[in-house]
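Below you'll find the structure, written out as structure tokens, and then a few comments.
The values are calculated or read from the model by the stated rules, or taken from the named source; none is laboratory data. Please read all numbers here as calculations on a predicted model, not as lab measurements. We place every Cβ from the backbone using ideal geometry, glycine too, and count neighbours over all the protein chains shown. With ligands, DNA and RNA removed, areas are computed over all heavy atoms of the protein, side chains included. Shrake-Rupley method; radii C 1.70, N 1.55, O 1.52, S 1.80 Å.
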Amino acid sequence: MERKKAEEVLQEVSEKYQENPRGWSFWTSRESKPPEMYLIHGDTAYFLKVDSLYTPNPIGVGAKFKIEEDQLPEE
């Protein structure tokens, strides 16, 4: 897992989503300050921790990592 700027992760997610918008899952944590976001597509997951979910250019860090098949929910 490699840490990247949130902007870089969001750009990659946007490109991947444009290629194939089906089957994405998205979660945000309400408890953490600043917010954490999790985006999952197939066996790839993205994690983002940003200053705000509501700004056009959030500041934060993120990472991309692979998920083992047995860690994925059935649906």
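Restricting segment 6-27 to residues that are over 13 Å from residue 62 (Cβ atoms) and touching a strand residue (DSSP E or B) at 6+ places or on another chain (Cβ under 7 Å), the residue that is surrounded by the most Cβ atoms within 10 Å (Cβ to Cβ) is 16.
Scoring residue 31 on the criteria (1) surrounded by fewer than 13 Cβ atoms within 10 Å (Cβ to Cβ); (2) in contact (Cβ under 8 Å) with a residue 40 or more places away in the chain leaves a single failure, condition (2). On inspection, residue 46 fails the criterion of being open to solvent by 70 Å² or more (accessible area, probe 1.4 Å) and of a type in the set (Phe, Trp, Tyr). Counting the residues of segment 15-33 that are closer than 20 Å to residue 3 by Cβ and over 10 Å from the mean Cα position of the chain (by Cα) gives 5. Number of residues in segment 34-56 that are without any contact (Cβ under 8 Å) to a residue 40 or more places away in the chain and under 11 Å from the mean Cα position of the chain (by Cα) equals 10. For segment 50-70, a residue qualifies if it is open to solvent by 70 Å² or more (accessible area, probe 1.4 Å), in contact with a Lys or Arg (Cβ under 8 Å, 6 or more places away or on another chain) and among the aliphatic types (A, V, I, L, M), and exactly one does: 61.
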